[in-house]
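The values are calculated or read from the model by the stated rules, or taken from the named source; none is laboratory data. Note that the structure is a prediction, hence the values are computed from the model and not measured. Neighbour counts run over all protein chains shown; Cβ positions are idealised from the backbone, glycine included. The protein model used for the area step is the full one, side chains on, heavy atoms only, and it has no ligands, DNA or RNA in it. Shrake-Rupley method; radii C 1.70, N 1.55, O 1.52, S 1.80 Å.
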Amino acid sequence: MTEGKQGDHLGLLLKELLKEQSLSMRKLSELSGIDTATISRIINGKRKATPEHLQKFAECLQVPMTDLFVAAGFPLAKQESQNSDIHQSIDSIEQALQYSNVYDQQFSLEKVKQHIKKYEQYSQTEEGKETILNKFEEKLQKVGSIGPFISQLKVMYEKFRLKMGTPYELGLMGAALVFFILPVDVIPDYIFPIGFLDDAMAVQIVIQSLSMNK
């Protein structure tokens, strides 16, 4: 898909959303903090929208970020199945990071595991439990359905909410949920859609750990 075609798709979608919500470009500018001239150039295909632009548009127009990212032509990486090799997932993430050219820190499996361990403990605190129970649905609505790991997270959320599992299992599931909810983990979520690849890996690691515990 060429940049011109990408801009056309995004522009048409933004025009449609503005019309549906009876918003002008000037009003969208006030809500998003993006100047009207920039919004106009993006809508008319004269400027490529950045991930930051798209995230702000999604928040203001109350639509899943994936809709805008797809329209803008950003590649949504395929998530690995729960039985795939984690090292293959790491290769996919590293390739995506190189493609994006927006994240210059080193990614590693060890960093993901360190966060899981930290979030496992946090999810068992009152603050952690409240974070999961109060913010999981909100995060789902914000990002939309971006991969198979979302359905796995929904199952974990229901089990965590209903306390269906041993303390160890609930801690692991809580860790995956916190990993997904918090915007800054190993790869910040604002680097969309790449920022959710480590979330998918965290889910994969937790699922494998849970299966080994049976």
Would you compute the Debye intensity of segment 34-77 from its alpha-carbon atoms alone, equal scatterers and no solvent, and pass along log10 I(q)/I(0) at q = 0.20 Å⁻¹ to two decimals? -0.60
So between Val155 and Glu127, what do we pick up on full extension, going 0.36 nm a residue minus the alpha carbon distance? 8.0 nm
Taking the Cα-to-Cβ direction at Asn44 and at Glu30 and moving 7 Å from each Cα, how far apart do the two end points lie in nm? 2.3 nm
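Which value, in Å², gives the accessible area per residue of segment 35-76 when a 1.4 Å probe is used on the protein heavy atoms?
In whole numbers, segment 35-76 has 45 Å² accessible per residue.
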Under the 7 Å Cα-to-Cβ spin-label approximation, Gln62 and Thr166 lie apart by a distance in nanometres of 4.5 nm
